[in-house]
Amino acid sequence: MNNIQFYNSLTNRLEPFHSIEPNVVRMYSCGPTVYDLAHIGNFRSFLFGDLLRRYLEMEGYHVDHVMNITDVGHMTDGEEDKMNLAAERMKANKKSGRVPEGAVTNPDDPYQIAQYYTNAFLDDARKLGYKIAFEYPERVPRATEHIAGMQEMIGKLIANDHAYVAEDGVVYFSVESFPNYGQLSGNTLEKLQSGAGGRVSVENQSQKRHPSDFMLWKPDNHHIMKWDSPWGTGYPGWHIECSVMAKKLLGRDTIDIHTGGEDLKFPHHECEIAQSCGATGKDRFANYWLHASFLFVEGEKMSKSQGNFFTARDVFEGRVTQSNVHPAVLRFELIKAHYRTNLNFTRKGLGDSATTVRRLMEMRQDLEERSAGEAAQVDLSHPVLKEFSQALADDLNIAGALAVVIPWATSRHSNPHEALGIWKVLNSVLSVAPINEGYEFLDSETVSEESESLMQAQQWCAELDEARREKNFSLADELRTRIKDAGFEVRTTKEGTTIQKTLA
Ligand code: AMP
Ligand code: ZN
């Protein structure tokens, strides 16, 4: 076994990794909020968790990995109701063809919407080789299945004086009762200004003891998703589900690893720690906190208004590159950069990944033919596997690991049995062998052409804005037509013109 080290967000430094129990890792990842299709940024974060799991398995650990699905109506502790937003988005998704008409018969029914997106998420996740989704679906719990556990923990927090019922009946966690609040994110109570503890509504503030107190249970009889409780019929706050599912399913008060996207560090993970440690009395909820950085698209932060928001199925089904993209290619593209660097998703990068994955597949095919599919037993001290795993042992240095695999995969091996054995071990971590039929490999030349057409269309956008400023409307119309003919939808906003690839 290598000496493994990870960057622990809890201590802000690289630390040697030691599991609590020998050879077992208990790990929790925050999963998707199922009020829309997951985008490729979400999948970057989830696939990082998958890569980590697969690597630890290669090192010989038994990894018990749990990832939740947030399917509760109100998913923040403010007045924002994501399920109302979901109804709007469902209509937009149907209009753009991302969700087939007739898929959800009542877009105002949060249960139907959550169910639809849960299935869509699992479907995409399986295609992307996310092991937990296709091998361990029982380790992907829904929040709505754990309401009783949440109520139990809330009851315990009230009994421990970590939570209280405010005058309006809402149950809040008292951040002042937990001196370590802020240890993960640095947002200690002194630093937090009024209201910084989450998206909290102004009228709620007066009911709280401290502005950063966060909601655990909200009585609300009018909401569609509601459950009876000792504090009235209502629904849970967003953070409590993870504390409850991690403890219940991983069976420990303190777990080894907790992962999520970097935006979850605060308030979500800070609040998870406060709840879990408040309920169990332990110092630590997770020993190692690993956070993945963001995905950018063509150098810009991915956002709907920029028109650069892609779901995994947009990529698979050729709505980003015009030709279909094999899920293994998208997987490779999303895992190939170190998890703590912002990854810039580009069509060019996707094309390069296609070339690499294709090369790896050709290699496998050649080895299978020459060895008649029989792989030799290889031990992990083989130089290629050693170098590969040593790179990953260093805070999951995937770039270093790929620098070993790619040259090896492009050379011809005289012992195909042994090489096939090595290939299988490498693939158990990278998972680039297609588990999906019916997808063609993307051609990198096509992608380069498409990249050029995007750049050209962006240039026309700038010219269009200039023409509008100069009130040259005939030129603006001509440019708009040109952009449309090149396969882009044009949107005019106050900030300027944006484009989006026309959906099929
Ligand atoms: P959500 O479904 O919004 O709860 O997000 C699911 C996961 O995706 C969380 O771990 C987020 O931190 C992560 N995430 C959201 N946007 C991005 C992005 N652009 N790049 C990487 N991860 C993201
Ligand atoms: Zn969580």
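Evaluate the following for Gly60: is it within 22 Å of Lys301 (Cα to Cα) and either crowded, with 23+ Cβ neighbours inside 10 Å or at pLDDT 95 or above (or both)? Considered against the rule, which asks whether it is within 22 Å of Lys301 (Cα to Cα) and either crowded, with 23+ Cβ neighbours inside 10 Å or at pLDDT 95 or above (or both), Gly60 comes out as no. Using the structure shown, decide if Asn84 is outside any helix (DSSP H, G or I), among the polar types (S, T, N, Q) and at pLDDT below 95. In short, no. Among the conditions (1) among the charged types (D, E, K, R); (2) away from ligand 1 (no atom under 16 Å from the Cβ); (3) within 30 Å of Trp217 (Cα to Cα); (4) in contact with a Phe, Trp or Tyr (Cβ under 7 Å, 6 or more places away or on another chain), the only one that Lys82 does not satisfy is (2). Looking at (1) over 21 Å from Ile158 (Cα atoms); (2) surrounded by fewer than 21 Cβ atoms within 10 Å (Cβ to Cβ); (3) of a type outside the set (A, V, I, L, M), which is the only condition Thr280 fails? Just one mismatch for Thr280, condition (1). Taking the criterion of being in contact with a Gly (Cβ under 9 Å, 6 or more places away or on another chain) and of a type in the set (Asp, Glu), the only residue of the range 313-370 that qualifies is Glu333. Could you say whether any residue in the range 26-45 is out of contact with any Lys or Arg (no Cβ under 6 Å at 6 or more places or on another chain), acidic (Asp, Glu) and either within 16 Å of ligand 2 (Cβ to nearest atom) or at pLDDT below 95 (or both)? So far as the range 26-45 goes, no, none of its residues is out of contact with any Lys or Arg (no Cβ under 6 Å at 6 or more places or on another chain), acidic (Asp, Glu) and either within 16 Å of ligand 2 (Cβ to nearest atom) or at pLDDT below 95 (or both). Selection within the range 275-306: residues that are in contact with a His (Cβ under 8 Å, 6 or more places away or on another chain), away from ligand 2 (no atom under 13 Å from the Cβ) and among the small types (Gly, Ala, Ser). The member of this set that is farthest from Asn8 (Cα to Cα) is Ala279. Regarding the range 315-327, can at least one residue be identified that is over 30 Å from Asp123 (Cβ atoms) and small (Gly, Ala, Ser)? Looking for residues that are over 30 Å from Asp123 (Cβ atoms) and small (Gly, Ala, Ser), one finds none in the range 315-327, hence no. Could you tell me which residue of the range 311-355 is modelled with the lowest pLDDT, considering only residues that are part of a loop (DSSP other than H, G, I, E, B), under 26 Å from Tyr55 (Cβ atoms) and among the aliphatic types (A, V, I, L, M)? That would be Val325.
Condition check ((1) under 26 Å from the mean Cα position of the chain (by Cα); (2) surrounded by 22 or more Cβ atoms within 10 Å (Cβ to Cβ)) across all residues:
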| site | (1), (2) |
| --- | --- |
| Asn324 | yes, no |
| Leu334 | yes, yes |
| Met361 | no, no |
| Ala375 | no, no |
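The values are calculated or read from the model by the stated rules, or taken from the named source; none is laboratory data. Model, not experiment: these values are computed from the prediction. Glycine gets a Cβ as well: all are built from the backbone with ideal geometry, and neighbour counts include every protein chain shown.
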